[in-house]
Every structure is written in C-alpha cells, then in structure tokens.
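Visitor: To start, I am sharing the structure in question, which I have written as structure tokens.
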Amino acid sequence: PYGCTEQLVSQAFPALILRHRPEFGYAPKQVEAILAEALRVLRSRQNAEGAFGFWSANSFASDFQAVYAMHFLTEAKDMGYAVPADLVKNGSSFLNALSAGRPGKHVAPRLRAYALYILTRNGQITTSALETLRQELDAAGDKSWRQDLTGAYMAGSYSLLHLDAQAEELIRESKFG
C-alpha cells in the first residue's frame, strides 16, 4: 500500500495494457480504479522540476522512474485515457533536461535515449538531440550501444520522426534475447 513511484507504475502498466482482456483478471471497473489512483498519486508526486519523487513531490527522485512514469502516462494517453495535460507537460520539461544531459550531472546514454523516445512519442521533434547523442556515442568509440536498448530507443525515435534510413540502420544492429 505504500509503494514507491516505480512500483506504482509497474502495478498500473499491466492494467492499462490488458484492460480490454478480462481473461487476464482485469475487470473494467477495477482497471479504471487502478488507473485513476495511479494518476492521482503521480500528480501528488510530481515535483517542481517535473520529475516524480519516490514517495512524495520532493527532490528524492530517480531519473529512470521519471522516464518510466512518463512512459506510462504516454501509453495511457495514446490508449484514450484522460491524462492531465499539465502532468505530461511538466514531465516533458524534465525529460528535455534529462535528455540533454542535465548540466553538472552525467546521464547514462540509454536513459537519455529512452527519454528522447518518450518525448518523440509525445510529439516533440527530437532530431537535433538524437543526432547529438549519436555523435557523442560514436565519438566514444564503443559501438556496443547500437546492439542494446540505446540503439533500439533511438531507432524508434527516428522511425517516429520518419527518418527511416537512420531507424533501419540502428534497428538492424539491435540484438534482443
């Protein structure tokens, strides 16, 4: 009953995705209650930067859980659920700072790519940020990022931006399993 933000989102995600599949045990009223509670708690935990605190709206936040919460809100919005626009707008502001490699703080490339993917899904044009991240990764000389989620998130973003050649190149190199 006192789950952190990541646990809350992890409990609500299956209800959202499987809400039209009662054989998985999600009755429509139950799903609506789970989703409404998730939105209520996420709203109460969003801090002034747009991130989501572990248990309240403070600076004790995880960059990953902020992106993960925004992923959940994006899926909910895309599935027709009423997601408050200010919640997404404030979260997007945080993801923009995160994807740019917030000043004075190292942000892992995979997390930056994930943030860019979620921003792109929310209609932002992220081409410049994607190219910057790609140039940084290529300059580091280690091409392994192309074979993990970093490359897959970037490929997804490129695809959404209709940059098909870049998307195809990266997704071809991704290795799953």
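The values are calculated or read from the model by the stated rules, or taken from the named source; none is laboratory data. What you are looking at is a predicted structure, and each value in this text was computed from that prediction instead of being measured. Counting neighbours? That spans all protein chains shown, and the Cβs are built from the backbone with ideal geometry, glycine included. Note: accessible area is taken over every heavy atom of the protein model, side chains too, but ligands, DNA and RNA are not part of it. Shrake-Rupley method; radii C 1.70, N 1.55, O 1.52, S 1.80 Å.
Visitor: Take residues that are of a type in the set (S, T, N, Q) and tell me which of the helices (runs of 4 or more DSSP H) falling wholly in region 58-161 contain 3 or more.
Guide: Filter on region 58-161 gives 85-99, 127-139, 149-160.
Visitor: Still on this model: Of the residues that make up region 146-163, is at least one at pLDDT below 95, open to solvent by 60 Å² or more (accessible area, probe 1.4 Å) and under 19 Å from the mean Cα position of the chain (by Cα)?
Guide: Scanning region 146-163, I find at least one residue that is at pLDDT below 95, open to solvent by 60 Å² or more (accessible area, probe 1.4 Å) and under 19 Å from the mean Cα position of the chain (by Cα), so the answer is yes.
Visitor: Could we say that residue 85 is loosely packed, with under 13 Cβ neighbours inside 10 Å, at pLDDT 90 or above, out of contact with any helix residue (DSSP H, G or I) (no Cβ under 7 Å at 6 or more places or on another chain) and under 19 Å from residue 115 (Cα atoms) here?
Guide: Taking the combined requirement at face value, the residue satisfies it.
Visitor: Continuing with the same structure: So which of 114, 68 is touching a His at 6+ places or on another chain (Cβ under 9 Å) and either open to solvent by 40 Å² or more (accessible area, probe 1.4 Å) or hydroxyl-bearing (Ser, Thr, Tyr) (or both)?
Guide: Being touching a His at 6+ places or on another chain (Cβ under 9 Å) and either open to solvent by 40 Å² or more (accessible area, probe 1.4 Å) or hydroxyl-bearing (Ser, Thr, Tyr) (or both) holds for just one of 114, 68, which is 114.
Visitor: Would you be able to say whether some residue in region 131-145 is within 28 Å of residue 39 (Cβ to Cβ) and open to solvent by less than 80 Å² (accessible area, probe 1.4 Å)?
Guide: No.
Visitor: Right, next: Please name all residue pairs, on different chains or six or more residues apart, with Cβ atoms under 7 Å, provided the first residue is in region 51-75 and is farther than 17 Å from residue 107 by Cβ and the second residue is open to solvent by less than 10 Å² (accessible area, probe 1.4 Å) and part of a strand (DSSP E or B).
Guide: As it stands, the answer is 60/53, since those pairs meet every condition given.
Visitor: Please enumerate the residues belonging to region 25-54 that are surrounded by fewer than 15 Cβ atoms within 10 Å (Cβ to Cβ), more than 19 Å from residue 88 (Cβ to Cβ) and of a type in the set (A, V, I, L, M, F, W, C).
Guide: Those that are surrounded by fewer than 15 Cβ atoms within 10 Å (Cβ to Cβ), more than 19 Å from residue 88 (Cβ to Cβ) and of a type in the set (A, V, I, L, M, F, W, C): 27, 33.
Visitor: Just to be sure before I move on: is residue 57 closer than 25 Å to residue 33 by Cα and open to solvent by 20 Å² or more (accessible area, probe 1.4 Å) in the structure I sent?
Guide: Yes; evaluated as a whole, the condition is true for this residue.
Visitor: Looking at (1) in contact with a Gly (Cβ under 8 Å, 6 or more places away or on another chain); (2) open to solvent by 80 Å² or more (accessible area, probe 1.4 Å); (3) among the small types (Gly, Ala, Ser), which is the one condition that is false for residue 167?
Guide: Answer for residue 167: the failing condition is (2).
Visitor: Continuing with this model, one more query. Hey, any hits in region 46-66 for a residue that's of a type in the set (A, V, I, L, M), out of contact with any strand residue (DSSP E or B) (no Cβ under 9 Å at 6 or more places or on another chain) and farther than 30 Å from residue 135 by Cβ?
Guide: Yes, some residue in region 46-66 is of a type in the set (A, V, I, L, M), out of contact with any strand residue (DSSP E or B) (no Cβ under 9 Å at 6 or more places or on another chain) and farther than 30 Å from residue 135 by Cβ.
Visitor: Kindly indicate the residue of region 11-24 that is open to solvent by 50 Å² or more (accessible area, probe 1.4 Å) and without any contact (Cβ under 8 Å) to a residue 40 or more places away in the chain and also nearest to residue 55 (Cα to Cα) among those meeting that condition.
Guide: 11
Here's the yes/no breakdown for (1) out of contact with any Gly (no Cβ under 8 Å at 6 or more places or on another chain); (2) touching a residue at least 12 places away in the same chain (Cβ under 8 Å); (3) among the charged types (D, E, K, R):
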position: 93; (1), (2), (3): no, yes, no
position: 115; (1), (2), (3): yes, yes, no
position: 120; (1), (2), (3): no, yes, no
position: 139; (1), (2), (3): yes, no, no
position: 142; (1), (2), (3): yes, no, yes
position: 155; (1), (2), (3): yes, yes, no
position: 158; (1), (2), (3): yes, yes, no
position: 161; (1), (2), (3): yes, yes, no
position: 174; (1), (2), (3): no, yes, no
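Matching residues to (1) polar (S, T, N, Q); (2) over 24 Å from residue 117 (Cβ atoms):
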{"site": "10", "(1), (2)": "yes, no"}
{"site": "29", "(1), (2)": "no, yes"}
{"site": "58", "(1), (2)": "yes, yes"}
{"site": "65", "(1), (2)": "yes, no"}
{"site": "69", "(1), (2)": "no, no"}
